[in-house]
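J.: Structure below; questions to follow.
Coordinate-derived values only; no laboratory data. Computed from a predicted structure; not experimentally measured. Please note: Cβ atoms are built from the backbone with ideal geometry, for glycine as well, and neighbour counts cover all protein chains shown.
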Amino acid sequence: MNADDLPTLRDELEAHGLWANKGLGQHFLLDLNITRRIARAAGDIAGKPVIEVGPGPGGLTRALLEAGADPLIVIEKDERFLPLLEPLIEWSGGRLRIVQGDALDADETALAGGKRAAVISNLPYNVGTPLLVKWLKADAWRGDMTLMFQKEVAQRIVAKPGSDAYGRLAVLAQARCECRLEFTVPARAFTPPPKIASAIVRLTDRADPYPDLSALERVTAAAFGQRRKMLRAALRSLTPDAEPLLRAAGIEPTARAEEIDQAGFRRLTDAWRTKA
C-alpha cells in the first residue's frame with residue numbers, strides 16, 4: 001500500500017475546514033517524507049501492535065499503516081479529526097482502530113489486548129512530558145517508544161550529568177530506557193509552525209530498569225527542585241537530615257544534583273526507600 005494514493009492532508013484539512021487548536025498543542029506535520037522517516041526510526045513494525053497519540057489529520061498514521069503496523073491504535077482527543085481518520089480503516093484493511101478520548105486517561109493495557117505495543121507519536125506539546133512519565137511507569141504492555149517532542153524537551157530526555165539540560169526528566173527516562181535523539185524537525189515543517197524545532201527520541205527498554213520509578217520521582221523532585229543548592233540542603237524537603245542518606249549512597253553532601261549520574265540516583269533512592 002502507498003499513502004501517496006490518498007488525498008493530500010492539506011486538501012483534507014481544507015475540505016473539512018479544520019485548523020490547529022493551540023489549546024491542545026496541535027501543530028500538523030503534513031510532509032509524508034518526514035512521517036515516513038519517523039516510522040523508519042521505530043524499526044520494523046510490520047505485523048506488530050502500535051499505539052499513536054494525537055494523530056490529528058493522520059500524517060504519521062498514514063506512514064505507520066504504510067509500514068505495516070497491525071493493529072494501529074490511535075488515541076485522538078479532538079473529535080473534529082475523526083472524519084479524516086475513519087476512511088483509513090478501510091484503506092488499511094481494518095488494521096486501524098480509533099479511540100476518541102484523552103491519552104492521559106487511556107488504559108493502554110486494555111487497548112493493546114494483552115500484547116506488547118510500540119508507542120510512536122508526534123506528541124501534543126502540552127502533554128508530552130506527562131505522557132512520557134506515564135509510559136515509563138507502564139507494565140508489560142509497553143514496547144519501545146519513538147516520540148516527537150519540542151527540541152528542548154528531547155534534549156532534556158537524553159541529557160548527561162553535568163550538562164545544562166540534565167535534570168529529573170533525564171534521570172527518570174534513563175532509569176527505564178536507553179534514550180537516543182534520532183533527528184530534529186525544523187519548525188517550518190509544521191502547519192502552523194511552532195516557535196521552536198522538534199526532535200525525535202527513540203527509547204528502548206534497558207536491561208536493568210530501576211524498579212520503583214515513583215520513589216525515584218520523589219527523590220529527583222527534591223534534588224532538582226533547588227538545583228543550585230548542595231544536596232544536603234536540597235533534600236531537606238524529603239528528609240530533615242539528608243547527610244546520612246547521601247553518605248549511604250556514596251555521594252558527597254556538598255554535591256549538586258546535576259553532578260549525580262544514574263547509578264548515584266539509584267543508590268540514593270534505595271537509601272531513601274530503606275529509611276522510609
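J.: Once you have the Cα-Cα distance between Lys229 and Arg247, take 0.36 nm times their residue separation minus that, and quote the gain in nm to one decimal.
T.: Details: separation 18, 0.36 × 18 = 6.48 nm, distance 1.72 nm.
So the chain would gain 4.8 nm between Lys229 and Arg247.
J.: Order of 260-269, 206-215 by packing, highest average Cβ count within 10 Å first?
T.: Working: 260-269: 19.9, 206-215: 12.8.
Result, highest mean Cβ count within 10 Å first: 260-269, 206-215.
J.: Ranked highest first by the average count of other Cβ atoms within 10 Å around their residues, in what order do 55-67, 1-13, 175-187 fall?
T.: On the way: 55-67: 25.0, 1-13: 13.6, 175-187: 16.9.
Highest to lowest by the protection proxy: 55-67, 175-187, 1-13.
J.: Here's a follow-up. Which percent, to the nearest 5, of DSSP beta bridges fully inside the range 3-205 are antiparallel? Each step should come with its number before you reach the end.
T.: Numbers: 16 of 32 bridges.
In the range 3-205, approximately 50 percent of DSSP beta bridges are antiparallel ones.
J.: If you put +1 on each Lys and Arg Cβ and -1 on each Asp and Glu Cβ, how big is the dipole of the range 32-181 around its Cα centre, in Debye rounded to 20? Write out the running numbers ahead of the final one.
T.: Working: 20 positive and 18 negative charges, 114 e Å.
It comes to approximately 540 debye.
J.: Using the Karplus equation 6.51 cos²θ - 1.76 cosθ + 1.60 (θ = phi - 60°), what ³J(HN,Hα) coupling, rounded to whole Hz, does each residue of the range 259-270 give in order, writing x for Gly and Pro?
T.: Result, ordered by residue: 8, 8, 7, 4, 4, x, 5, 5, 5, 5, 5, 4 Hz.
J.: Remind me, what semi-axes does the range 213-275 give for its equivalent ellipsoid, largest first in whole Å, using sqrt of 5 times each Cα gyration tensor eigenvalue?
T.: Details: eigenvalues 39, 30, 27 Å².
Sorted largest first and rounded, they come to 14, 12, 12 Å.
J.: What ranking do 135-148, 117-130, 235-248 get when scored by the average of other Cβ atoms within 10 Å per residue, highest first?
T.: Values: 135-148: 19.7, 117-130: 21.4, 235-248: 16.4.
Highest to lowest by the protection proxy: 117-130, 135-148, 235-248.
J.: Nearest 500 deg cm²/dmol is fine: what mean residue ellipticity at 222 nm does the chain get from its DSSP H runs of n ≥ 4 alone, each adding -39,500 (n - 2.57), divided by its residue count?
T.: Result for the chain, helices only: -10000 deg cm²/dmol.
J.: Calculate how steeply helix 213-225 sits against the longest principal axis of the alpha-carbon atoms of the chain, using the helix alpha-carbon long axis, and give the answer as 0 to 90 degrees to the nearest 10.
T.: 70 degrees
J.: Once fully extended, how much extra length lies between Thr109 and Asp5, figured as 0.36 nm per residue of separation less the alpha-carbon to alpha-carbon distance?
T.: Working: separation 104, 0.36 × 104 = 37.44 nm, distance 3.36 nm.
Full-extension gain reported as 34.1 nm.
J.: Then there is this: In terms of Cα to Cα distance under 21 Å, which lysines are near enough to Lys115, apart from those fewer than 8 places away along the same chain?
T.: Hits, sequence-local ones excluded: Lys48, Lys134, Lys137.
J.: Can you run phi through the Karplus equation (6.51, -1.76, 1.60; θ = phi - 60°) for the range 41-58 and list ³J(HN,Hα) in whole Hz, with x for Gly and Pro?
T.: Residue by residue, the range 41-58 yields 4, 7, x, 7, 10, 4, x, 10, x, 9, 10, 10, 10, x, x, x, x, x Hz.
J.: In terms of modelled amide H atoms, which long-range or inter-chain residues lie less than 5 Å from the amide H of Lys48?
T.: Residues meeting the amide H criterion: Asp70.
J.: Test of understanding: extend the Cα→C-beta vector of Ser237 to 7 Å, then name every residue of the range 167-182 with backbone N under 19 Å from that spot.
T.: Answer for the range 167-182: 167-173.
J.: Residue by residue through the range 64-71, which ³J(HN,Hα) values in whole Hz follow from phi under the Karplus form 6.51 cos²θ - 1.76 cosθ + 1.60 (θ = phi - 60°), with glycine and proline marked x?
T.: 5, 5, 4, 7, x, 3, 7, x
J.: Then there's this: Quick check: pseudo-label points 7 Å beyond the Cα along Cα→Cβ at Asn33 and Arg80, how many nm apart are they?
T.: 2.8 nm
J.: Name the residues of the range 120-156 whose amide N is less than 16 Å from a point 7 angstrom out from the Cα of Ala165 along the C-beta direction?
T.: In the range 120-156, the label zone of Ala165 (backbone N under 16 Å from the point 7 Å along Cα→Cβ) covers 129, 147-156.
J.: Still on this structure: Which aspartates and glutamates, if any, have their Cα less than 18 Å from the Cα of Lys229, not counting same-chain residues under 8 positions apart?
T.: Within the straight-line cut-off, Lys229 pairs with Asp164, Asp241, Glu243, Glu252, Glu258, Glu259, Asp261.
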